[in-house]
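Bear in mind these aren't lab numbers, they're just calculated from the coordinates by the rules spelled out. Predicted model, so just to flag it, every value in this text is computed and none were measured. Cβ placement follows ideal geometry from the backbone for every residue including glycine, while neighbour counts extend to all protein chains displayed.
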Amino acid sequence: MNYENIEAPINTETVDRVFLEKLSGRNIYEIICVLEKISQKIGFRLKNNLDKKLEEFHIINKNNLEEIFENKEQIELSKFYEKLPKPTSISLQYLLDGKIKIK
């Protein structure tokens, strides 16, 4: 999954409930349950990707936590992940774009 090209809003935006129900053919509670499961998977993938990238900097060192040094690459990586939209916004955008179908 390429997170750089995600078109989801960073800030919270209101989406019409009736529009979502017409789009999916389901009631709002079913939509929320499906989007919640998808957003959990997205969040898990984001966390795993971040952990893998942080291992490159040897930040995850369980033996000695005092030897953590900051550098420019770590700061840029941190800023990149902070600017990403939330997993819930990404999953909702996938539904609006037609990338997922609720059956």
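Under the Karplus relation 6.51 cos²θ - 1.76 cosθ + 1.60, θ = phi - 60°, what is the ordered set of whole-Hz ³J(HN,Hα) values for the range 32-43, x standing for Gly and Pro?
4, 5, 5, 5, 5, 5, 5, 5, 5, 5, 5, x
Taking a ≥ b ≥ c as the square roots of the eigenvalues of the Cα gyration tensor of the range 1-58, is the shape rounded (a/c under 1.5), prolate (a/b larger than b/c) or oblate? Don't skip to the answer; put the middle values down first.
On the way: a/c = 3.62, a/b = 2.32, b/c = 1.56.
Since a/c reaches 1.5 and a/b is larger than b/c, the shape of the range 1-58 is classed as prolate.
Using a 7 Å offset from the Cα along the Cα-to-Cβ direction at both E56 and T12, what is the distance between the two label points in nm, to one decimal?
Result: 3.4 nm between the two label points.
Structure shown: which of K52/K72; K53/K101; K41/K103; K22/K83 lie over 26 Å apart, alpha-carbon to alpha-carbon? Provide the component values of the computation, followed by the final result.
Working: K52/K72 17 Å; K53/K101 32 Å; K41/K103 18 Å; K22/K83 31 Å.
Over 26 Å apart, Cα to Cα: K53/K101; K22/K83.
For the range 44-54, just list the computed ³J(HN,Hα) in residue order, Karplus coefficients 6.51, -1.76 and 1.60, θ = phi - 60°, integers in Hz, with x standing in for Gly and Pro.
So the Karplus estimates, Gly and Pro as x, are 5, 5, 4, 5, 5, 5, 5, 4, 5, 5, 6 Hz.
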